[in-house]
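Novice: Take a look at this one; I'll ask things after.
The values are calculated or read from the model by the stated rules, or taken from the named source; none is laboratory data. Since the structure is predicted, the reported quantities are computational estimates derived from the model, not experimental observations. Cβ sites come from the backbone with ideal geometry, for glycine too, and all protein chains shown count toward neighbours.
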């Protein structure tokens, strides 16, 4: 018995040594393909250890079962999802109190008189059907453009959620507090404005706004341990940004930017700095076109704890950013370029693995490679 326990402990330590090896290349990873035919897998979330929800921007919702390795399409989504341009079905996140309430939150482009409005809703899952659909907030963000919807959701674990809304292709929206476009919103779980939001009670500002001056926030993550809200957004030609979001702050778009105009090598706005406007934690020049964001919490990749991880669309890789104790960037790593795919979404699995989706329709599970060659 003692020998068996000793061997078991040795095997555990031996295995852990492999897992703790430095991840410097794709060969250091186990890349497991889960499914291959979900067009534009935009959002993902675990309901439990064996069930994964996946949204398709084309207006479909799927449930993937890790026991059977099968996926099923979930029925009864609303008919007013506007699938046009960059619009469609966006994020999916289960409520922090899901075990008690059963609520699952969704963001999507709602068709309002032929124009898309970033919208928050929630529903419950009954076998393979959605029930009790509730439309919580149709944002004031409609324009004649079909771009820059935002649509990422995250929870603070204190009765609030955050929703990102892009500038909808109209730059002045970023500095206009009378529209939700170009903002991060902080809401109660029923979609109403939180009573302690920074602009509550102001005549010329919408109460739901938490921060503004954003172009197209495509990643949003609230770290409940540090109580910090992280955001990543698309710049124009260059100038993608990672921001640490604080209440009431102005993040500059389009008055300041590190990007250039699409039509000429000219700066956007009035340079990169201006009084009263926040500086990004990191910029990307050239643009990587980031999509989704997490701050890694698990132990499966111990060397990644606390790092910011995002997908990249145009430069097709997994982007990993290291921070110091002052939230300053000290390193950047790029992996999964061998997939040659636009990485749309990345989430952390309950066991610490990463789950990523690509615009090519594939969903992968990423874990350390257990190989002595590491």
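Novice: Which ranges mark the strands (runs of 3 or more DSSP E) fully within segment 20-85 that have 1 or more residues being farther than 24 Å from residue 152 by Cβ and either over 21 Å from the mean Cα position of the chain (by Cα) or modelled with pLDDT under 95 (or both)? If you could, list the steps in order and put the result at the bottom.
Specialist: Working: elements: 29-35, 41-48, 51-56, 60-65, 70-74.
Once the strands (runs of 3 or more DSSP E) in segment 20-85 are filtered for at least 1 residues that are farther than 24 Å from residue 152 by Cβ and either over 21 Å from the mean Cα position of the chain (by Cα) or modelled with pLDDT under 95 (or both), what remains is 29-35, 60-65, 70-74.
Novice: Shifting gears a bit: Whether any residue in segment 323-332 is under 18 Å from the mean Cα position of the chain (by Cα), within 25 Å of residue 152 (Cα to Cα) and crowded, with 19+ Cβ neighbours inside 10 Å is what I want to check.
Specialist: The answer is no; no qualifying residue exists.
Novice: Additional query: Are there any pairs, at least 6 apart or on different chains, whose C-beta atoms fall under 9 Å, with the first in segment 145-171 and on the phi > 0 side of the Ramachandran plot and the second part of a strand (DSSP E or B) and surrounded by fewer than 24 Cβ atoms within 10 Å (Cβ to Cβ), and if so, which?
Specialist: What qualifies is 157/222; 159/188.
Novice: All but one of (1) part of a loop (DSSP other than H, G, I, E, B); (2) surrounded by 14 or more Cβ atoms within 10 Å (Cβ to Cβ) hold for residue 116, so report the exception by its number.
Specialist: (1)
Novice: Given the condition touching a strand residue (DSSP E or B) at 6+ places or on another chain (Cβ under 9 Å), touching a residue at least 40 places away in the same chain (Cβ under 8 Å), assigned to a loop (DSSP other than H, G, I, E, B) and surrounded by 17 or more Cβ atoms within 10 Å (Cβ to Cβ), answer yes or no: does some residue in segment 134-143 qualify?
Specialist: Yes - at least one qualifying residue is present in segment 134-143.
Novice: Only one of (1) touching a residue at least 60 places away in the same chain (Cβ under 8 Å); (2) out of contact with any helix residue (DSSP H, G or I) (no Cβ under 6 Å at 6 or more places or on another chain); (3) in a loop (DSSP other than H, G, I, E, B) fails for residue 291. Which number is that?
Specialist: Unmet for residue 291, out of (1) touching a residue at least 60 places away in the same chain (Cβ under 8 Å); (2) out of contact with any helix residue (DSSP H, G or I) (no Cβ under 6 Å at 6 or more places or on another chain); (3) in a loop (DSSP other than H, G, I, E, B): (3).
Novice: Got a number for residues in segment 149-169 being surrounded by fewer than 19 Cβ atoms within 10 Å (Cβ to Cβ) and either at pLDDT below 95 or more than 21 Å from residue 224 (Cα to Cα) (or both)?
Specialist: 1
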